[in-house]
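The structure under discussion appears below in the form of structure tokens.
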Amino acid sequence: RKGVSEGYYVQGEYVLPEFHFLAPFARYENWNRFVEAGDYGSEHNLFGVNWYLNGNRFRVTAAYEQNNLGKDIKGGQRVEAFH
């Protein structure tokens, strides 16, 4: 399909070297896939923590993701997942 989309996201992470280099992070994304037609908007939230090992050469991540989809994207559902 051809069309215009628009969206934005913001993300951040804060490294805590005094706590074994744990780094909590968050990301918020809002995206309208087809501005001209239907409800193709989506909203995504991601929260988690990274653990950096061996001088940032290795990272372990635990995250929780929540997706709110517009009604024209797979019937408009809320999807949650742990990673």
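The values are calculated or read from the model by the stated rules, or taken from the named source; none is laboratory data. Keep in mind the model is a prediction, meaning the values are calculated, not measured. As a convention, Cβ positions derive from the backbone with ideal geometry for all residues, glycine included, and neighbour counts pool all protein chains shown. We work out accessible area using only protein heavy atoms, side chains counted, and drop any ligands, DNA or RNA first. Shrake-Rupley method; radii C 1.70, N 1.55, O 1.52, S 1.80 Å.
Of the residues making up the stretch 22-59, those that are among the acidic types (Asp, Glu) and modelled with pLDDT under 90 are Glu36, Asp39, Glu43. Checked against (1) surrounded by 11 or more Cβ atoms within 10 Å (Cβ to Cβ); (2) modelled with pLDDT of 95 or more, Val10 passes all but a single condition, namely (1). Of all residues in the stretch 43-63, those that are assigned to a loop (DSSP other than H, G, I, E, B) have Cβ atoms under 9 Å from Cβ atoms of residues that are open to solvent by 50 Å² or more (accessible area, probe 1.4 Å), 6 or more apart or on another chain, in Asn56/Phe21. In the stretch 1-41, how many are at negative phi and either in contact with a Cys (Cβ under 6 Å, 6 or more places away or on another chain) or of a type in the set (Phe, Trp, Tyr) (or both)? The total comes to 9. Would you be able to tell me the number of residues in the stretch 13-31 that are among the acidic types (Asp, Glu) and open to solvent by less than 50 Å² (accessible area, probe 1.4 Å)? Number satisfying all stated conditions: 1. Out of all the residues in the stretch 48-73, which are of a type in the set (A, V, I, L, M, F, W, C), under 30 Å from Phe34 (Cβ atoms) and more than 14 Å from the chain's Cα centre (by Cα)? Residue satisfying the conditions is Ile73 alone. The set of residues in the stretch 32-62 that are within 21 Å of Asp72 (Cβ to Cβ) and open to solvent by 90 Å² or more (accessible area, probe 1.4 Å) contains only Glu36. Within the stretch 8-60, being small (Gly, Ala, Ser) and farther than 20 Å from Gly70 by Cα holds for Gly12, Ala23, Ala26, Gly48, Gly55.
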